[in-house]
Amino acid sequence: MPAPQDRDSATTLLVIEDDDTIGRHLETGLRGQGYATTWCRTGKGGLAAARAAPPDAVLLDLGLPDADGIDIARELRSRLPDVLIMILTARTDDIDVIAGLDAGADDYLVKPFTLSVLLARLRAHLRRLPAGHDDRRETYRLGNLVLDTRARTCFVGDAEAPLRSKEFDLLTVLARHAGAAVSREDLMAQVWDENWFGPTKTLDVTLASLRRRLQQAATASRQPARPPVIATLRGYGYRLEEG
Ligand code: CA
């Protein structure tokens, strides 16, 4: 049974996945959505992590280097009767999915899947967990910037910056990681999703437009305000800083 949660505590996820690319994207993508995420590359490591800090949900790859994911699912279920277990499988055989569900998994996703679909499934399952789960942060403040992700409003000082949808999503990801570098790949994965490995010119265009709108809002603000700075890290990505 997951420990009773404070209203303020984040939903905790454990990712058990040996593929570096998938594991890294899941870790970054899920953290970007406010989930406290731990990533383990082996079945044994995953079981140890679940023992040390029982998570709310486990995303479990079936093909692991040291164990069969189905055995891991069975073990997790026996130790944590109420944990949500979602199998991530590249296997297309129905028999694996059936075995996984019989072993105690709640749901499964067949690779390749998009982050959007995974997040939607997670939300659907987590809604049924007791109150206190899925407490997503809604407002980010950084200097003169106030970003309300529920109302989807962005203020610099007292002036609202009229952001387009992707500009808002991009700023939200940067605000969640304020002060930390976010790679171009991670921004693409979290804001555009389907273009994980696609061209990133659209990112440059959206970012330039976002900077312009933030600057315009700062200028329009009646109380003196500086826009946040989106620093460019050459060859890597961006970092949001206080203006
Ligand atoms: Ca694998």
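Per the conditions (1) within 13 Å of the ligand (Cβ to nearest atom); (2) part of a helix (DSSP H, G or I); (3) closer than 22 Å to Val173 by Cα; (4) touching a residue at least 24 places away in the same chain (Cβ under 8 Å), the sole criterion not satisfied by Thr21 is (4). Only one entry in Ala36, Ala10, Ala48 is away from the ligand (no atom under 16 Å from the Cβ) and in contact with a Cys (Cβ under 9 Å, 6 or more places away or on another chain), namely Ala48. In the range 61-73, the residues that are touching a residue at least 12 places away in the same chain (Cβ under 8 Å) and among the aliphatic types (A, V, I, L, M) form Cβ pairs under 8 Å with partners that are part of a loop (DSSP other than H, G, I, E, B) and within 11 Å of the ligand (Cβ to nearest atom), at six or more places apart or across chains, as follows: Leu62/Ala90; Leu62/Arg91; Leu64/Asp18; Leu64/Thr42; Ala67/Thr42; Ile70/Leu62; Ile72/Leu64. Going through (1) assigned to a helix (DSSP H, G or I); (2) polar (S, T, N, Q); (3) within 16 Å of the ligand (Cβ to nearest atom) one by one, Thr92 falls short only on (1). Residue-level check: of (1) in contact with a strand residue (DSSP E or B) (Cβ under 8 Å, 6 or more places away or on another chain); (2) buried (at least 17 other Cβ atoms within 10 Å of the Cβ); (3) within 17 Å of Leu30 (Cα to Cα), Arg77 misses just (3).
Based on this model, can you work out whether Leu30 counts as farther than 17 Å from Leu119 by Cβ, at pLDDT below 95 and of a type in the set (A, V, I, L, M, F, W, C)? Taking the combined requirement at face value, the residue does not satisfy it.
For the range 157-243, the helices (runs of 4 or more DSSP H) that sit wholly inside it and include 1 or more residues that are of a type in the set (Phe, Trp, Tyr) are 165-176.
Among the numbered conditions (1) among the basic types (Lys, Arg); (2) more than 18 Å from Ala217 (Cα to Cα); (3) assigned to a helix (DSSP H, G or I), the only one that Arg150 does not meet is (3).
The values are calculated or read from the model by the stated rules, or taken from the named source; none is laboratory data. Nothing here was measured: the structure is a model prediction, and the numbers come from that model. When we count neighbours, we look across all protein chains shown, and the Cβ atoms used for this are built from the backbone with ideal geometry, even at glycine.
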